[in-house]
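Student: This is the structure, below, for whatever I ask next.
The values are calculated or read from the model by the stated rules, or taken from the named source; none is laboratory data. What you are looking at is a predicted structure, and each value in this text was computed from that prediction instead of being measured. All Cβ positions, even for glycine, are placed from backbone atoms using ideal geometry, and neighbour counts span all protein chains on display. Areas reflect the complete protein model, heavy atoms only, side chains present, ligands, DNA and RNA absent. Shrake-Rupley method; radii C 1.70, N 1.55, O 1.52, S 1.80 Å.
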Amino acid sequence: MRLLLDESVPARLYRALPNHQVSNAVREGWAGVKNGKLLALAAVSFDAFITVDKNLPFQQNLATLPIALVVLDSHSNELHALLPLVPALERALESLVPRGYVVVRAEA
């Protein structure tokens, strides 16, 4: 799956997702682009947008999103806090559909 990491997600998270094609907003030249436009740009080349911005689903009309959205729900956006979410993220990606939305939390 082709994944785009939001600026708020550490770029090094790509190392934990070796079965996917992963890029980030900065690498794509989209640093500072606002969410609505960023999602539209990402939809051209990516299957899912991964963010830690828990407000994003409330700021966008999910029914019209041009790309699937994954929110990583963690106490921090630092890499060490996000790595434990990777197994749940992988499972979520298996069933994610275009224009879908999922929140990924730590396993209990």
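Student: Using 0.36 nm per residue of separation minus the Cα-Cα distance, give me the extension gain between Q21 and N61 in nm, one decimal.
Tutor: 11.8 nm
Student: Under the rule a/c < 1.5 gives rounded, and otherwise a/b versus b/c splits prolate from oblate, where does the chain land using the Cα gyration tensor?
Tutor: Rounded, since a/c falls under 1.5.
Student: For the chain, what does the helix formula give at 222 nm: sum of -39500 (n - 2.57) over DSSP H segments with n ≥ 4, over the residue count, nearest 500 deg cm²/dmol?
Tutor: Numbers: 4 runs with 29 residues, N = 108.
Theoretical 222 nm ellipticity from helices: -7000 deg cm²/dmol.
Student: Starting from the residue with the highest accessible area, list K34, K54 in decreasing order, probe 1.4 Å.
Tutor: K34, K54
Student: State the three equivalent ellipsoid semi-axes of the range 33-81, derived from the C-alpha gyration tensor as the square roots of 5 times its eigenvalues, in descending order and whole Å.
Tutor: 20, 12, 9
Student: Can you give the accessible area of L41, probe radius 1.4 Å, in Å² rounded to 10?
Tutor: Answer for L41: close to 60 Å² accessible.
Student: Using label points projected 7 Å from each Cα along Cα→Cβ, tell me how many nm separate S76 and E7, to one decimal.
Tutor: Placing both labels 7 Å beyond Cα along the Cβ direction yields 2.2 nm.
Student: Give me D for the range 59-102 in µm² s⁻¹, whole number, from Stokes-Einstein with Rh from the Kirkwood sum over alpha-carbon pairs, 10 °C and 1.306 mPa s.
Tutor: Rounded to a whole number, D works out at 138 µm²/s.
Student: May I pose another question? At 7 Å along the Cα-to-beta-carbon direction for both S95 and K34, put a label point, then send me their distance in nm to one decimal.
Tutor: Those two pseudo-labels are separated by 3.5 nm.
Student: Lys and Arg at +1, Asp and Glu at -1: add these up for the other residues within a Cβ distance under 12 Å of N35 and post the number. Kindly include the intermediate steps, with their values, before the conclusion.
Tutor: Working: positive: K34, K37; negative: D6, E7, D53.
Residues close to N35 contribute a combined charge of -1.
Student: Also, I was wondering about something else. If I build a Gaussian network model for the chain, linking alpha-carbon pairs within less than 10 angstrom, which residue out of A11, A31, A68 has the largest mean-square fluctuation?
Tutor: Result for the chain, Cα springs under 10 Å: A31 fluctuates most.
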